[in-house]
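Single-structure report; data block below.
We did not get these values from a lab; they are worked out from the coordinates using the rules stated. This one's a predicted model, so the numbers in the text were calculated from it and none came from an experiment. Here the Cβ is made from the backbone with ideal geometry for all residues, glycine too, and neighbour counts use every protein chain on show.
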Amino acid sequence: RKEVEQDPGPFNVPEGATVAFNCTYSNSASQSFFWYRQDCRKEPKLLMSVYSSGNEDGRFTAQLNRASQYISLLIRDSKLSDSATYLCAMFSGGYNKLIFGAGTRLAVHP
Amino acid sequence: AAGVIQSPRHLIKEKRETATLKCYPIPRHDTVYWYQQGPGQDPQFLISFYEKMQSDKGSIPDRFSAQQFSDYHSELNMSSLELGDSALYFCASSSLHVTSGGTDTQYFGPGTRLTVL
């Protein structure tokens, strides 16, 4: 079983829709979680860190549920430019290598 | 702001050849990570260096080696290349002060696309 499991999608949504992605993790000792966005053939770019209290950045909201060991990403008012693959990730080990989920593909259409 | 630099951006090699990928971290970043991303897969951790010493090792084949130099740039050396080594290789850097328990965002370079024929 992968350390990080992620709903692969794809999610095809119209502009303006609200979409949510979840990601579960198996290592209860994990402390730091992230959402990265990756466009085709490009590098992952940090979208948000995920804090226990939840955090919001504009149309994006990230949540962490330690009891159920999952993190979520909510995107409101989807834009065409949100089309990408969204990777959840967490630190593993003392030197913080990143363990990624398989990624969820989002396609926003007009 | 300065970002992570990787070179070359694209590399085509034949089976059994060698390749060297270079990574220049963001200035004042002390930690470098290498990741491999195969087609349709998520990035997989290969190896990392903190203050020029290997700090962690993942699923890196014995045919690969890496090091971090005094100027903090890192090189990933790949020998006896196989078709399955064709992938995107990302380098990421961060400012990680382990003794203080600090953690920091990993910033990824644009990657090197390696094609083995």
Beta bridge orientation in the protein assembly as shown: antiparallel %, DSSP, nearest 5 | 90
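Once you wrap a convex hull around the alpha carbon atoms of region B:35-98, what is its projected area averaged over all directions, in nm²?
4.7
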Efficiency by 1/(1 + (r/R0)^6): what FRET value for B:Thr105 and A:Arg105, r their Cβ-Cβ distance, R0 = 25 Å, to the nearest 0.05?
-> 0.60
Given all pairs of distinct Cα atoms, chain B yields a Kirkwood Rh in Å of 14.2
Distance in nm between label sites at B:Ser95 and B:Leu83, each 7 Å beyond Cα in the beta-carbon direction?
-> 4.6
Any idea what diffusion coefficient chain A gets from Stokes-Einstein, in µm²/s, Kirkwood Rh on alpha carbon pairs, 4 °C, 1.567 mPa s?
-> 93
Förster radius 41 Å - calculated FRET efficiency between A:Asn65 and B:Lys52, Cβ distance, rounded to 0.05 = 0.60
When B:Leu11, A:Leu73 are arranged by how many other beta-carbons sit within 10 Å of their Cβ, fewest first, they go B:Leu11, A:Leu73
In what order do B:Tyr33, A:Tyr25 fall by count of nearby beta-carbon atoms within 10 Å, going from fewest to most?
-> A:Tyr25, B:Tyr33
What dipole magnitude, in Debye to the nearest 20, does region A:7-55 give about its Cα centre under +1 on Lys/Arg Cβ and -1 on Asp/Glu Cβ?
-> 140
Given a Förster distance of 45 angstrom, what is the FRET efficiency for A:Asp57 paired with B:Lys15, based on the Cβ-Cβ distance and rounded to 0.05?
-> 0.50
From fewest to most C-beta neighbours within 10 Å, the residues B:Lys13, B:Lys57, A:Lys97 line up as B:Lys57, B:Lys13, A:Lys97
With no solvent and one point per C-alpha, what does the Debye sum give as log10 I(q)/I(0) for the protein assembly as shown at q = 0.09 Å⁻¹?
-> -0.37
